[in-house]
């Protein structure tokens, strides 16, 4: 069961496609800081994605899991040493704590930290491509999702955007 950082949850919720995580993985875990970032702070700002993510928690397929006290300290140290944010650090450390391999994370520096620690980082683009392969969405759906991600300020380099469009066509 993978652990997710905030970004894949937020952007998939904004696309109306958060359910793809459930369809691909059945269950997904999040650390405490990710719940705070996505639901608690999101609701105070009245972000619609916060309510979608909260519903996934209420439905039981998105699970908020605590870190041990020791791992909370490790995540704080990891964030400080590497410059990644605390939600990313907690997601990485929770993945290790649960003896999992896959961490859902989009930011390139956090992905590099995860790789360095022996984890397999996957992101929003991976979810879209996997959804095509599993016939959960069409190629046209995927192209529209990619375009919408750009519209809602998802950062993706021009090269990755072009490569993703090519991959969509090949799937």
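Tabulated results
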{"read-out": "Longest to shortest principal axis, alpha-carbon extents of the stretch 35-135, angstrom", "value": "36, 33, 22"}
{"read-out": "Crossing angle, helix 69-82 versus the chain [Cα axis fit, 0-90 degrees, rounded to tens]", "value": "60"}
{"read-out": "Gain in span if fully extended, residue 155 to residue 68, counting 0.36 nm per residue against the direct Cα distance", "value": "28.1 nm"}
{"read-out": "Helical mean residue ellipticity (222 nm; -39500 (n - 2.57) per DSSP H run of 4+; nearest 500) of the chain", "value": "-18000 deg cm²/dmol"}
{"read-out": "Stokes-Einstein translational diffusion, the chain - Kirkwood Rh over all Cα pairs, 0.692 mPa s, 37 °C, in µm²/s", "value": "203"}
{"read-out": "Per-selection metrics, the stretch 27-86 (Cα): Rg and Dmax in Å", "value": "12.9, 36"}
{"read-out": "Over the chain, relative contact order from alpha-carbon pairs under 8 Å, at least 6 apart, %", "value": "24"}
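The numbers here are math on the coordinates, done by the rules we state, and not lab data. As the structure is a computational prediction, the values presented were derived from the model and not from experiment.
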